[in-house]
Structure formats: C-alpha cells, structure tokens
C-alpha cells in the first residue's frame, strides 16, 4: 500500500513537471534545479554566478526553503526577479510548487531560471520539478564518503560542483576519492572544483554555464 | 487527504516510539538520537566519544544510512555492538525501523544506545524513534543562517554540538549568531563547541554525557 501510494505521488509529480518543462521551453528559458546539503553554498554560488554574468545572461530565481526569506533577500539585492517558496516543513520542492508560482515569474524577461532547492542531500533528487538540468553542489568539508552514502543525487545530476576548495589544506578530505566515486556512479558527470570565497575555479563554471544557456536559446 | 495521511503516519510512529522507549528504559539503557546534516561528523564524534569512555560506559550503536555499511564498520572496529539500518531511499529513521532490529541489540550488555540518524537537517527531527534525548551536531562550515532556516531540529534537540571549530579561522562564520539564534529557538538548549579533529572541547562533552548516562541508570 505505502509503496503504491509513493509511486502514485511520484507519477503525478512527473506529469506536472512535464508541463512545467514545456512551458519553460516554450518561453525559451533554460531551467536549472540546484541541489545540495544544507550549507554547501548554493546561494553564494548563485550570487557569484549572477554577478559574473551581469549584462550577458538574464536570471530569474526561485528560492526553496522550509521557512524564511534570507536567500530571496540576498538574490533580490542583485536586481533579478526572485520568488521565495516556503515549504513549511517539506524537505524538498516538487513540481506542483513550481507550477503554482510560475505565472508570477516574468519568463519573457529571463534567459535562465535557477530553482534553488531545499538544502537536503536526499529527497530533492527524487522530485523532478521540470528542470532541463540538475546541478549539485557539494562542500568538500562533508567528507569523501558521501557519494557512496548518498548516491542518488550524484547519479541524477549532470554537473557536480565541489565547493570550498580553499579549505582543502585544513581538511583530511580525499578529493580524488570523491571524484572517482562520483564518476563511478555517473560516468557522464561534469565536475567543477571551486571556491566561492577565493573565486578559484569560478571562471570555468561561469563560462560553461553561459555556453549552455546560449546553446539552448 | 494528504495531510490526514501524514498525521496518521506520525501518530502510528509515536505509538511504536513509546514502546521502544519503554523497552529501553526497562533494560536500563539510555538512548540518544544523534542527528545532523550530511558530513557534520556524527560518526567521528561517536568514535571519539566511545574511545574516551572506554571501560566506563558500554555503548551500543544503530547506524542509519540510505545505503552502505561504512559507518557500521568504523564503529564495529571499536568492539561495540553495531547494527546498520539501510533505509533504501528513506531520508530518516522511524520508530518501526528501530523496533524491528531492537531484539538483535544486546540491551543487557550496554549502558547507552546511540542511534545515528540519516544525515539530513530536516526530516529526522519529525520522527520520534523512542529516544530519551535528541542531540544535534552542526558543522560551523554550514554558516550562521541555518538555525533560522532549519528551525525544527534546533527546537527539538536538548543538546547542540557545534563541530569543526578548528576551521573557524578560515571561515567567515558568525558563531555568536548561530548560538544566539539557536537559544532564541530553544532557550533550554545545551551547547558544546568542539573539534573532533583537534580534540578541543571534547572533554566537556564526554564528561556531560557520562554524567547523564550514570544518573539515568
């Protein structure tokens, strides 16, 4: 019974996600579902990326959080359209939440919509929200055992961004193991190594993203 | 419909949790539900704590992970009874999972049972598993905005352990804000500041825990 119910919920979610994806594609909007554990640096990455592409790519952002408007305020200061979704307890965004607020997003005035998911390394990976690409951010402070312990998000993402590499000298983390295990789970995975603090590696990520958005337009 | 179902699941969970709690109390076992986001250092803390209390307190451990046996192997090397629960996708432990495997834990041979939950800052806080105390670990690398963004776990825990304080000089994190916001959410919260790497602050935590276990015996 429980299994069937979960499957039904996921099927309903997938139908709504398909509608979102069509609507976004019709409007010429490239859509990214940005996922990570809490505190990996999603909002800071977004902030740096939006600033780096200022005048070249027009962003829209949906901020998913259990409660609060902290992230939406940070992004709003960059003068891009932002909508905050408060899930009020739910640990992930689903397609219906996006469908509900999509009419409020000025799709004709943006090139890319970034959906910043709730900070959680588990459930967001299960719910398609209608994105074109899933990008996962991982803070290397989390340790090299995580790909094998939380495989689904590594498997479902097209891009893995390893953040906080400025802290590597002060950690015992085995970066090569993170990358090898992630690639073993998902051979097509594109990996970037960055520090949102020092700026290291950001140029390669920003150039890649700009290209992706322009190709999809 | 969905809301009623969730409520029913939580009510059923609470009944099973009550049974677990009674069974554990009858056996004279103090039970801790140890929760955190992925990579905050739960297993390392447990390792250090078990070693520090070797010969003084007898531990039993239940390791909750989506998949894999990494953590159980680490703890097993310390010669304490360990059971690994693989949730196969579920992002938290529930009372029924604990009830199922409790007969396999030698309750008469342990003083404290530590239940290391799945790494997730959201859902584990919603599910009582039959513990006497909820302890939450938070890595300061996660940033000072987290108590307000993920309030439930801070509210439901009796103890908050701030880990990785050895990294403080290399972060821009505002430790005072973390503590102030956590206390505002939960005025009775006991806070420890530790580094599992340098050992700083561990003595105070270990002494507090030893006292707790002995008082409850």
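The set of residues in the stretch A:65-81 that are under 14 Å from residue A:43 (Cβ atoms), buried (at least 18 other Cβ atoms within 10 Å of the Cβ) and within 11 Å of chain B (Cβ to nearest Cβ) comprises A:65, A:71.
Count of the stretch B:17-42 residues, restricted to those that are crowded, with 20+ Cβ neighbours inside 10 Å and closer than 23 Å to residue B:152 by Cβ, is 14.
Taking residues in the stretch A:176-197 that are within 14 Å of chain B (Cβ to nearest Cβ) and surrounded by 13 or more Cβ atoms within 10 Å (Cβ to Cβ), and partners anywhere that are modelled with pLDDT under 95 and part of a helix (DSSP H, G or I), not one pair has Cβ atoms closer than 7 Å while being at least 6 places apart or on different chains. If you go through the stretch A:134-175 and keep only what is under 24 Å from residue A:30 (Cα atoms), at the interface with chain B (Cβ under 10 Å from one of its Cβ atoms) and surrounded by fewer than 20 Cβ atoms within 10 Å (Cβ to Cβ), you end up with just A:152. Filtering A:41, A:89 for residues that are within 14 Å of chain B (Cβ to nearest Cβ), touching a strand residue (DSSP E or B) at 6+ places or on another chain (Cβ under 6 Å) and on the phi > 0 side of the Ramachandran plot leaves a single hit, A:41. Would you check if there is a residue in the stretch B:23-31 being at pLDDT 95 or above and closer than 30 Å to residue B:198 by Cα? Checked against the condition, which is being at pLDDT 95 or above and closer than 30 Å to residue B:198 by Cα, the stretch B:23-31 yields at least one hit. Highlighted here would be strands (runs of 3 or more DSSP E) found entirely within the stretch B:3-95 that include at least 1 residues which are free of Cβ contacts under 8 Å to residues at least 12 places away in the same chain, but there are none.
Here is a yes/no grid of residues against (1) under 14 Å from the mean Cα position of the chain (by Cα); (2) within 27 Å of residue A:149 (Cβ to Cβ):
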position: A:14; (1), (2): no, yes
position: A:18; (1), (2): no, no
position: A:30; (1), (2): yes, no
position: A:34; (1), (2): yes, yes
position: A:74; (1), (2): no, no
position: A:83; (1), (2): no, no
position: A:86; (1), (2): no, no
position: A:101; (1), (2): no, no
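Which of (1) more than 10 Å from chain B (Cβ to nearest Cβ); (2) within 29 Å of residue B:147 (Cα to Cα) is the odd one out, the single condition residue A:205 does not satisfy? Among (1) more than 10 Å from chain B (Cβ to nearest Cβ); (2) within 29 Å of residue B:147 (Cα to Cα), residue A:205 violates only (2). Is it the case that residue B:126 is surrounded by fewer than 19 Cβ atoms within 10 Å (Cβ to Cβ), touching a helix residue (DSSP H, G or I) at 6+ places or on another chain (Cβ under 9 Å), within 13 Å of chain A (Cβ to nearest Cβ) and in contact (Cβ under 8 Å) with a residue 24 or more places away in the chain? So residue B:126 fits the description; yes. Scanning the stretch B:45-60 for residues that are more than 25 Å from residue A:123 (Cβ to Cβ) and either surrounded by fewer than 17 Cβ atoms within 10 Å (Cβ to Cβ) or under 15 Å from the mean Cα position of the chain (by Cα) (or both) yields B:47, B:48, B:49, B:50, B:51, B:54, B:55, B:56, B:59, B:60.
The values are calculated or read from the model by the stated rules, or taken from the named source; none is laboratory data. Source: prediction; values computed, not measured. All Cβ positions, even for glycine, are placed from backbone atoms using ideal geometry, and neighbour counts span all protein chains on display.
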